[in-house]
Amino acid sequence: MAPPRRYLAASALLALLCACATTAPPASVASASVPITTCRSFCGNITVDYPFALHPGCGHAGLRDLLFCINGALMLHLPSGSYRVLDVDYAYRGLTLHDPAMSDCRALDLTPAGRGNGFVLEPWREPYLSPDPDNVFLLLGCRATSPLFQGFPDRHLPCRNVSGMGCDDYLGCVAWDDYYAGAGGGRRGPSGDAAYGTATGQPPECCAVPWAAIRAVNVSRLECEGYSSAYSLAPVRAQGGAAGWAYGIRVSWTLPESNRGFCGACRATGGACGHDMESHADVCLCGDWNSTSNCDSSADAARSGAADADTPRAVAALSWAILASGLTSLW
């Protein structure tokens with residue numbers, strides 16, 4: 001004897017009910033959560049803002065792990081050493097650095113093993129950071145065997161003035177008189193021996209070079225006793241010769257053109273410009289989520305995601321109601 005039709009319908013409704021129960025999505029959908037961080041900060045009287053940062057994930061990835069605030073002093077750290085940051089010029093994209101072991105016009109700091117950090121960048125950071133073209137490095141007391149005078153591969157590196165600053169003026173500083181008075185020796189003169197380009201010649205006391213000529217000022221590798229650095233912010237020659245120069249290292253930063261539009265859109269929507277700490281891609285920090293574009297698109301995506309998550313739950317609830325109604329009508 002076949003079962004009554006109403007029992008068959010009830011069995012079908014119960015099977016459908018179990019299927020809905022097993023396929024219904026979870027009640028909540030996990031979403032990415034990013035701690036709220038203030039990327040703009042201060043160290044002493046210097047503002048630290050994009051593309052720099054003191055907090056992980058903030059700033060541009062090409063300038064990450066670069067600035068540190070130590071006892072109220074802003075320091076820049078590179079493989080060649082640590083430098084005091086005197087100024088950050090966001091309008092002209094420049095940093096002014098000071099190396100306490102660097103010579104200037106008032107005092108020389110030279111040792112046979114080399115004195116001062118020089119300036120060396122990590123290869124991956126070079127596209128984003130470099131000394132300004134108007135910054136001169138004055139390499140002091142270099143040996144005749146220095147790569148400066150032996151030439152780099154396929155070319156010889158001459159010493160020359162940079163933006164009107166060179167060794168002729170620098171060797172006129174009173175620091176040289178004081179140095180040799182204490183050493184009890186004579187001076188070599190600004191040009192050295194005419195044969196300084198060979199291993200047997202006497203090199204000049206000072207060799208002025210731009211950053212672009214050597215791409216790394218490693219004092220010990222260049223077999224020099226020390227160095228100085230000066231920069232020019234004006235097209236006119238400084239009054240008073242080398243005594244009127246601005247001593248320090250002037251560094252410029254550069255970001256990809258595509259980054260400008262991204263960061264502008266991020267800030268316009270209330271976000272903070274940052275980067276992914278694993279992929280180093282640009283990220284807009286929007287409080288409790290990250291965006292690859294801006295905070296408006298992230299909010300829309302979040303609302304859309306929440307709506308999409310609510311839709312299956314609503315369908316499941318409706319199915320439950322229909323099933324319950326159907327079962328009631330059967331009995």
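Overview of values
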| quantity | calculated |
| --- | --- |
| Subset tally (residues that are outside any helix (DSSP H, G or I) and modelled with pLDDT of 85 or more) for the range 286-307 | 7 |
| Residue count for the range 99-123, restricted to those that are touching a residue at least 12 places away in the same chain (Cβ under 8 Å) and loosely packed, with under 15 Cβ neighbours inside 10 Å | 7 |
| One residue from Trp176, Trp211 being within 19 Å of Cys142 (Cβ to Cβ), modelled with pLDDT of 70 or more, buried (at least 17 other Cβ atoms within 10 Å of the Cβ) and in contact with a Pro (Cβ under 6 Å, 6 or more places away or on another chain) | Trp211 |
| Residue under evaluation Arg64, criteria (1) exposed (fewer than 15 other Cβ atoms within 10 Å of the Cβ); (2) within 15 Å of the chain's Cα centre (by Cα); (3) not aromatic (Phe, Trp, Tyr), criterion not met | (1) |
| Tally, over the range 247-266, of residues that are touching a residue at least 60 places away in the same chain (Cβ under 8 Å) and on the phi < 0 side of the Ramachandran plot | 10 |
| Subset of the range 220-270 [small (Gly, Ala, Ser), in a strand (DSSP E or B) and open to solvent by 20 Å² or more (accessible area, probe 1.4 Å)] | Ala246, Ser252 |
| Selection from the range 73-119 of residues that are among the β-branched types (Val, Ile, Thr), modelled with pLDDT under 95 and touching a Ser or Thr at 6+ places or on another chain (Cβ under 8 Å) | none |
| Residue in the range 204-221 that is of a type in the set (Phe, Trp, Tyr) and out of contact with any Gly (no Cβ under 9 Å at 6 or more places or on another chain) present | yes |
| Test: residue in the range 131-152 that is acidic (Asp, Glu), assigned to a loop (DSSP other than H, G, I, E, B), open to solvent by 30 Å² or more (accessible area, probe 1.4 Å) and at pLDDT below 75 | no |
| Selection from the range 58-77 of residues that are in contact with a helix residue (DSSP H, G or I) (Cβ under 8 Å, 6 or more places away or on another chain) and not in a loop (DSSP other than H, G, I, E, B) | Gly62, Leu63 |
| Filter result for the condition that a residue is small (Gly, Ala, Ser) and in a helix (DSSP H, G or I), over Ala107, Ala101, Ala175 | Ala175 |
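So that you can scan it fast, the table gives a plain yes or no per residue for (1) within 23 Å of Val217 (Cβ to Cβ); (2) touching an Asp or Glu at 6+ places or on another chain (Cβ under 7 Å):
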{"position": "Tyr50", "(1), (2)": "no, no"}
{"position": "Pro56", "(1), (2)": "no, no"}
{"position": "Ala61", "(1), (2)": "no, no"}
{"position": "Phe68", "(1), (2)": "yes, no"}
{"position": "Met75", "(1), (2)": "yes, no"}
{"position": "Leu78", "(1), (2)": "yes, no"}
{"position": "Ala91", "(1), (2)": "no, no"}
{"position": "Gly94", "(1), (2)": "yes, yes"}
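The values are calculated or read from the model by the stated rules, or taken from the named source; none is laboratory data. As the structure is a prediction and not an experimental result, all values here were calculated from the model. Cβ: placed from backbone, ideal geometry, glycine included. Neighbour counts: every protein chain shown. Note: areas computed on protein heavy atoms with side chains; ligands, DNA, RNA excluded. Shrake-Rupley method; radii C 1.70, N 1.55, O 1.52, S 1.80 Å.
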